[in-house]
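One structure is given here, and the rest of the page talks about it.
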Amino acid sequence: MDKLWNRLRFPGFVALIILQLAALGQMVFARQHLLDSGLPALLAVQPLDPRSLLSGYYVRLDLAASRIEASVPRLPATDTAQWKQGETVFVQLSKEEGRTVRHVSAISRDRRLLTTPGAIVLRGRVVESWEQRLVLNYGIEEYFTPQSEAARIEEAVAAASIEQGRNAEPPAAYVEIAVDPESGEGALRRLFIKGQPVQFH
């Protein structure tokens with residue numbers, strides 16, 4: 001009986017593994033497609049907090065676009081409901097003439113209201129909400145790196161920020177992302193420090 005049960009169970013186990021591999025493959029394909037075809041956008045990176053460096057193979061990036069001040073227009077203007085933690089929102093990334101990176105020019109619960117020509121709409125999730133500031137996560141705040149490189153990158157960003165100042169043009173550090181024009185999903189392409197893409201040693 002046990003042998004019969006094992007024979008019946010084995011095909012199901014194999015099918016489960018195949019389905020899991022197929023799902024993983026689909027995720028990898030979807031992410032690569034986004035990186036290859038998504039709309040490009042550059043976002044400023046603030047100096048990294050050493051405490052935010054993960055112990056694994058990622059560096060936490062502090063994006064300027066993650067902090068939304070109360071002065072940023074909210075669409076529609078009649079929407080005054082409190083932002084909720086975990087809520088999905090959309091920000092409009094605009095680029096001023098002569099500037100390298102984009103900034104958040106508007107925020108809304110409805111991406112259809114963000115229609116400024118030339119702007120890119122990025123999807124985010126509310127992490128923290130105060131009366132004067134909103135903190136968002138876009139799913140692009142973790143930069144993959146060999147574990148031995150994390151400290152070097154953090155130090156390079158901090159040194160460049162001190163050397164050039166927070167309001168430098170171009171910024172001391174910034175990232176290039178790809179954004180799906182339909183869903184607003186973002187994916188991280190490259191990290192730049194002092195205008196040069198980060199190279200691993």
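The values are calculated or read from the model by the stated rules, or taken from the named source; none is laboratory data. Keep in mind that what you see is a predicted model, and the values were worked out from it rather than measured. Don't worry about glycine lacking a Cβ; one is built from the backbone with ideal geometry, like all the others, and counts go over all protein chains shown. Surface accessibility is based on the protein's heavy atoms, side chains included, excluding ligands, DNA and RNA. Shrake-Rupley method; radii C 1.70, N 1.55, O 1.52, S 1.80 Å.
Here are a few things to note about the model shown:
- Failed criterion for Glu97 (all others in (1) part of a loop (DSSP other than H, G, I, E, B); (2) farther than 19 Å from Ala64 by Cβ hold): (2)
- Leading residue by the ranking (modelled with the lowest pLDDT) among those in the range 134-184 that are open to solvent by 60 Å² or more (accessible area, probe 1.4 Å) and assigned to a loop (DSSP other than H, G, I, E, B): Arg166
- Selection count where residues are without any contact (Cβ under 8 Å) to a residue 60 or more places away in the chain and surrounded by 18 or more Cβ atoms within 10 Å (Cβ to Cβ), scope the range 63-74: 1
- Residues in the range 33-51 that are at pLDDT below 80 and either open to solvent by less than 40 Å² (accessible area, probe 1.4 Å) or assigned to a loop (DSSP other than H, G, I, E, B) (or both): Leu34, Pro47, Leu48, Asp49.
- Taking the range 119-133 as the range and being modelled with pLDDT under 95 and part of a strand (DSSP E or B) as the test, the residues that pass are Glu128, Ser129, Arg133.
- Among the candidates Leu63, Leu75, Leu93, Leu24, residue that is at pLDDT below 60 and not aromatic (Phe, Trp, Tyr): Leu24
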